[in-house]
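Some notes on the structure that comes next.
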Amino acid sequence: MIVMKFGGSSVGDAQRIRTVLDLVRRELPRKPVVVASAHKGVTNLLVALGEQARAGVVDLSELERIHLSIADALGVSQEPIRELLAELSVLLRGISLVRELSPRSSDYVLSFGERMSCRTIAAFFTKNGLPAEAFDAGDIGLVTDDAFGEARPIPEHEERLSHFLSGYQDRTGRIPVVTGFIGKSRGGDITTLGRNGSDYSAALVGAAVGAEAIQIWTDVDGVMTADPSIIPEALPIDRMSFAEAAELAYYGGKVLHPATLIPAIRKGIPVLVLNTFRPDAPGTVITGEGTRCEGVAKSIVYKERQHIVNIESSRMLGRSGFLQRIFDIFGRLGVSINMVSTSEVSVSVTIDDPRRLPEVEAELRQFADVTVERDKSIVCVVGEGMRSTPGVSAEIFSAVAEAGANVLMISQGASHINISFVVDDGDVKRVVKRLHDKFFAGRKALRPIGAAT
Ligand code: ADP
Ligand code: ASP
Ligand code: MG
């Protein structure tokens with residue numbers, strides 16, 4: 001079996017969905033399970049509709065227009081979409097009456113994008129001689145905890161997904177088209193895996209059925225040396241290790257959701273990133289095997305809108321337990337830290353979600369001086385062999401200086417495959433551009449020069 005995941009732009013309109021049908025047909029001998037996102041822009045629209053309902057306004061006309069026009073262009077029945085729109089309308093009216101949008105209701109609202117797109121895709125496949133059936137992932141075993149907005153699967157999901165999906169096509173003659181992004185809690189509430197979470201859904205499904213490959217079909221030629229929307233000359237990367245791809249996703253490479261690699265690594269399943277708009281481009285193959293390439297760096301990614309929290313305490317000078325005390329506070333309040341740098345009396349950390357920052361600050365102030373700096377970006381240069389190659393850091397930091405930016409923090413992380421640092425949000429695109437020129441200008445491809453050591 002293989003998993004074929006199609007992102008929002010890959011199912012963005014009728015024309016793209018026709019391409020999806022061709023791509024799935026090509027893979028029929030490998031028993032594809034399709035995982036699909038909402039049509040492009042729909043999840044953002046649902047976020048807005050939830051907020052409007054909270055403010056007392058319900059207007060589904062734009063959402064209806066998008067879905068019905070795609071169904072019409074594909075020549076499939078509007079009925080399944082109309083049923084879901086009616087359900088959503090009741091939900092939004094409820095929200096507008098109580099003027100309250102809880103994380104639970106918000107996930108329920110957001111789920112409609114994937115639920116509607118999968119129904120249209122399955123109907124279109126069926127109409128074209130490829131019998132298919134749409135499933136909400138939570139109904140076929142993707143059980144999660146109830147951390148709405150950022151839910152994570154609970155152990156039984158794997159057995160249940162596998163039980164349902166393994167051999168499904170042989171038993172029924174139909175291709176399963178499974179919603180990305182959503183799951184269901186044990187209590188039966190719809191949950192979401194976080195924005196961009198369909199990649200993660202695909203990997204969970206792939207791991208559960210022991211797929212031979214997980215294909216992530218998107219709108220660029222694979223994982224690239226930088227985000228091509230800001231660096232048009234970025235090059236596609238032929239091969240990457242799981243570890244490199246995981247670092248890249250974690251530090252902002254939006255092409256993959258950060259959790260995607262976890263199930264793939266656990267089961268050793270190759271992940272392929274491919275372009276629906278150019279299906280014959282080679283794309284990127286991500287496996288457990290590390291390769292070094294000429295110039296060492298493979299990709300430059302960045303994550304904006306970070307907060308730096310500086311914690312200083314001369315009282316704690318030389319005392320044991322300083323770090324533990326700090327991390328306990330962040331851990332207890334559920335605030336995740338992206339980067340850490342320490343000196344004898346001070347610790348700086350970066351976080352991207354400031355919602356509980358006031359509580360964190362209040363607790364830290366009981367034993368330390370705290371300052372917070374906003375609007376910062378983490379930049380991360382990824383590549384097997386980064387740390388062990390002399391001169392790479394010097395090249396990176398001279399590029400940052402040439403871009404006229406100030407380095408505010410440098411990662412002390414243990415990974416051998418990345419070097420990360422923090423600059424001002426306002427400088428980040430210039431820094432990425434300068435780094436990209438330094439490492440990749442004039443190159444046509446990233447040539448592997450041997451195995452990682
Ligand atoms: P999908 O809807 O298919 O999931 P996304 O928009 O989530 O697509 O992810 C693809 C986008 O990721 C690309 O259009 C590109 O702008 C962005 N991106 C960011 N960093 C990278 C990178 N290093 N390589 C490729 N794409 C990247
Ligand atoms: N539709 C969801 C989002 O836009 C999930 C995804 O596309 O991966 O975030
Ligand atoms: Mg995505």
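Reachable lysines from Lys184, Cα under 30 Å, same-chain residues fewer than 8 places away excluded?
Lys5, Lys31, Lys40, Lys127, Lys254, Lys267, Lys303
Angle check, please: helix 79-98 long axis (alpha carbons) against the longest principal axis of the chain (alpha carbons), in degrees 0 to 90, nearest 10.
Between the helix axis and the principal axis of the chain, the angle is about 50 degrees.
Gap in Å between the Cα centre of the range 194-258 and the Cα centre of the range 345-377?
So the two Cα centres are separated by 31 Å.
Tell me, what ³J(HN,Hα) does each residue in the range 34-49 have, in order and in whole Hz, if you take phi through Karplus 6.51 cos²θ - 1.76 cosθ + 1.60 with θ = phi - 60° and put x for Gly and Pro?
8, 10, 10, 8, 5, 4, 3, x, 6, 5, 4, 5, 5, 4, 5, 5
Sorting Cys118, Cys293, Cys380 on the 10 Å Cβ count, fewest up front, what's the list?
Going from least to most buried by this count: Cys293, Cys380, Cys118.
Ratio of the range 68-123's C-alpha Rg to 2.2 N^0.38 Å, to two decimals?
1.27
Please compute the Kirkwood hydrodynamic radius over the range 119-210, one decimal place, Å, based on all pairs of different Cα atoms.
13.3
Within the chain, what percent of beta bridges assigned by DSSP are antiparallel, to the nearest 5?
Taking every DSSP beta bridge within the chain, about 60 percent pair in antiparallel fashion.
If one takes the longest principal axis of the Cα atoms in the chain, at what angle in degrees, from 0 to 90 and to the nearest 10, does the Cα axis of helix 14-26 lie?
Here the helix axis deviates by roughly 90 degrees.
Setting aside same-chain residues fewer than 8 positions from Lys444, which lysines have a Cα under 18 Å from its Cα?
Partners within reach: Lys298, Lys433.
Under the √(5λ) rule applied to the eigenvalues of the Cα gyration tensor, what semi-axes describe the equivalent ellipsoid of the range 1-87? Give them in Å, descending.
29, 14, 11
Compute the helix-to-body angle for 198-209: its Cα long axis versus the longest principal axis of the chain, expressed 0 to 90° and rounded to tens.
70
Mind pulling up the Rg/Rh value for the range 264-390? Radius of gyration and Kirkwood radius, both on Cα.
Rounded to two decimals, Rg/Rh equals 1.11.
What value, in deg cm²/dmol to 500, does the helix sum -39500 (n - 2.57) over DSSP H runs of n ≥ 4 give at 222 nm once divided by the residues of the chain?
The helix contribution divided over the chain gives -12000 deg cm²/dmol.
Using only the alpha carbons, work out the radius of gyration and Dmax of the range 143-187 in angstrom.
Taking only Cα atoms of the range 143-187, I get Rg and Dmax of 12.4, 36 Å.
Take every DSSP beta bridge whose two residues both sit in the range 117-253, then give the antiparallel share in percent to the nearest 5.
45
If you project the alpha carbons of the chain onto their three principal axes, what span does each projection cover, largest first, in Å?
Reported extents, whole Å, longest axis first: 67, 56, 38.
Let me make sure I get this right: for the range 219-298, a, b and c are the square roots of the gyration tensor eigenvalues over alpha carbons, sorted descending. Under 1.5 in a/c it's rounded, otherwise prolate if a/b > b/c, else oblate. Which is it?
Rounded, since a/c falls under 1.5.
So what is the orientation-averaged projected area of the range 318-453, using the convex hull of its C-alpha atoms, in nm²?
10.5
Bear in mind these aren't lab numbers, they're just calculated from the coordinates by the rules spelled out. The model shown is predicted, which means the values in this text are computed figures rather than measured ones. Glycine gets a Cβ as well: all are built from the backbone with ideal geometry, and neighbour counts include every protein chain shown.
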